[in-house]
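The block underneath contains the structure these notes are about, expressed in structure tokens.
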Amino acid sequence: MSSDSVFQLKQVFKAYPSKGGKKFHAVDGVDLELKWGVAYALVGESGSGKTTFGRLLSGMIPPTEGEIFFEGKKMRDWMRRDRRKFCKKVQVIFQNPYLSLDPKWNIREILEEGTLGAWGRGRKRKIEVILERVCLPKDCLPKKPHALSGGERQRVAIARALLMEPEFLILDEPTSQLDVSTQADIMNLLRDLRPTLTGGLLFITHDIALASQLAEVFIVMRHGKIVEKGLKKEILFSAQAPYTQQLVSASPAWPPVF
Amino acid sequence: MNTLIDVKDLVLDYPKGPRFGPMSFSIAEKEAFGLVGESGAGKSTVALALMNVLKFKGGRKLKGKIERHCSAKEIAYVPQDPAAALDPLFTVGSQIRELGCSEVAILEALEKVKLPLTGMSLKSYPHELSGGMLQRLLIAMALVRRPKLLIADEPTSSLDVIHQAEIMKLFHAVRAEGISVLFITHHLPLAMDLCSRMAVLYEGKIVETGIPREIYEAPRHEFTRRLLEAVPVLEVA
């Protein structure tokens, strides 16, 4: 087992029960290795299994078949301390900031949850630093999530993940619920953060243009299978699979052709 | 070209809320008009005002004039979230038939949107169809009454790029058929791709109107420039 891989997937399947006792394979036999320090993009249409893939990697759900290794260790055999270690290294940012923040907690409480082992003034300082980094004003701390806009909420979710000082980030469509200018702000923030993520990241999206702004290696997924994997340039200009070509050409032309 | 909808100095006043307008624009027959702006700019409110379904009570006021040169029945609407627009308890077939059109017209509309729904599949419930299929279905339901104006309120924002491209193809076809389209979106590339003229809405006011090319090449308002910059660009290097 090579030590430079973060995640290694061996014949991973994830099946959900479907109509008439049949099984629906959201992830269908994936063999993959994610290396340290590389920014990956996972692209594909809705229903292709992208989110399930992200959940498998974040350890939220176990695969029905196959094994996932994190730093060479089987995730299935995790003890509690392995899970804690994992959370310090890998953090997830979810698609919907309206669901990923507890509506009954204020922003201070939400962020304090991410400050493991820091108390009192140190913790206060830590939260202030992180707020500045994600460009949120200090006066949002006593507010509850419903008082913030979608973009602000996503910033809170990012701040919460960053408080753990993760090495690897899993981003599941972090901007798809936001409008374009907020999306651009969040993308700028993520790009500024990229150098601090020594382990790299996995950016799950259906938007090739967004993926190209953040990722170096593209993984194209369809019907739970990996269609193609390659460097950004290869995927954008010389994609082999017809599906990849379709995906690349589906984005509206920009700059527009008149 | 004949004008279909003429909006003159439209002002929507909410007693404790935002104030939209004054705004003026017109939509001609057979043209696609884009209304672009951020969330909260008042795009959907304008659409509701055009369809004459805004209620005015409790101090809400509408000033100005909306001249419709078509009947209200000739305006059709495609909403943002297709799943929320259909009743989950009724089959899609029964919801189409509710529109009171002949079976032939329904099948024709379904064929137009390239939705292979016949017999059995008309008996399926909304949750059994994917987001892209539902949006096609709603476009078919909008087309079945042969409208003169189709108002589409962010019709692709809940879809991924591949389905978005397919739906945009449909709107091009609708336009080619001679139906006017009011295309509401926050995504500039889509509006510029489809529309012959467009207006940019910012904080309830129209800050810019023009043909897409002019707006792209020489945006006059600060907000338009910001919108243009916000469009994600492919980064190759």
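No lab work stands behind these numbers, since they all come straight from the coordinates. None of these values were measured; they are calculated from a predicted model. Here the Cβ positions follow ideal geometry from the backbone for every residue, glycine too, while neighbour counts run over all protein chains shown.
Placing dummy labels 7 Å off each Cα toward the beta-carbon, the span from residue B:53 to residue B:172 is 2.9 nm.
Taking a point 7 Å from the Cα of residue A:194 along the Cα-to-Cβ direction, the residues of segment B:207-233 with backbone N closer than 18 Å to it are B:230-233.
Quick check: convex hull over the Cα atoms of segment A:212-258, volume per residue in Å³, rounded to an integer?
Numbers: hull volume 4.1 nm³, N = 47.
Measuring per residue, one finds 88 Å³ for the Cα hull of segment A:212-258.
Packing here is the average count of other Cβ atoms within 10 Å per residue, and on that basis the peptides A:224-237, B:57-70, B:37-50, highest first, run B:37-50, A:224-237, B:57-70. Scaled against 2.2 N^0.38 Å for its residue count N, the alpha carbon radius of gyration of chain B is 1.04.
Regarding segment A:125-258, what's the average projected area of the Cα-atom convex hull, expressed in nm²? List each step's numbers first, then the result.
Numbers: hull surface 40.8 nm².
Dividing the Cα hull surface by four gives the mean projection, 10.2 nm².
Can you tell me the relative contact order of chain B? Whole percent, Cα pairs under 8 Å, sequence separation 6 or more. Display every interim value, and only then the final one.
Working: 412 pairs, mean separation 66.8, N = 237.
Answer for chain B is 28 percent.
Converting phi to 3J(HN,Hα) with the Karplus coefficients 6.51, -1.76 and 1.60 and the offset θ = phi - 60°, segment B:170-177 yields 4, 5, 4, 5, 4, 5, 5, 6 Hz in sequence order, with x at every glycine or proline. Here, segment B:78-146 has an Rg and a Dmax of 10.6, 27 Å when only alpha carbons are counted.
Which whole-Hz ³J(HN,Hα) couplings does segment A:164-173 yield from phi under the Karplus relation 6.51 cos²θ - 1.76 cosθ + 1.60, θ = phi - 60°, glycine and proline marked x? Along segment A:164-173, the couplings run 6, 6, x, 9, 10, 10, 10, 10, 9, 6 Hz. Across peptide B:187-196, the average count of Cβ atoms from other chains found within 10 Å of a residue's Cβ is 3.
Give the Debye-formula value of log10 I(q)/I(0) at each listed q (0.15 Å⁻¹), with one equal scatterer per alpha carbon of chain A, two decimals each. Rounded to two decimals, the profile gives -1.14. Each label was represented as a point 7 Å from its Cα along the Cα-to-Cβ direction; for residue A:223 and residue B:146 these points are 4.1 nm apart. Distance between the modelled labels on residue A:237 and residue B:214, one decimal in nanometres: 3.8 nm (7 Å Cα→Cβ projection).
Amide hydrogen proximity for residue B:64: with H placed 1.01 Å from N in the peptide plane, the residues at 5 or more positions away or on another chain lying under 5 Å are B:11. The phi-based Karplus calculation (6.51 cos²θ - 1.76 cosθ + 1.60; θ = phi - 60°) puts the 3J(HN,Hα) values of segment A:215-222 at 9, 9, 10, 9, 10, 9, 10, 8 Hz, whole numbers, x for Gly and Pro.
Near residue B:35, the amide H atoms lying under 5 Å from its own belong to B:183, B:184, B:185, B:199; only residues 5 or more places off or on other chains count, and H is placed 1.01 Å from N. Between residue B:233 and residue B:67, what is the FRET efficiency for a Förster distance of 45 Å, r being their Cβ-Cβ separation, to the nearest 0.05? According to the calculation, E is roughly 0.65.
To check you understand DSSP bridge types, tell me what percent of the beta bridges within chain B (both residues inside) are antiparallel, rounded to 5. It would help to have the intermediate numbers written out before the result.
Details: 19 of 38 bridges.
The antiparallel proportion sits near 50 percent.
Only DSSP H runs of four or more residues enter the estimate; each adds -39500 (n - 2.57), and after division by the residues of chain B the mean residue ellipticity at 222 nm equals -9500 deg cm²/dmol. Kirkwood's formula applied to the C-alpha pairs of the protein assembly as shown gives a hydrodynamic radius of 24.7 angstrom.
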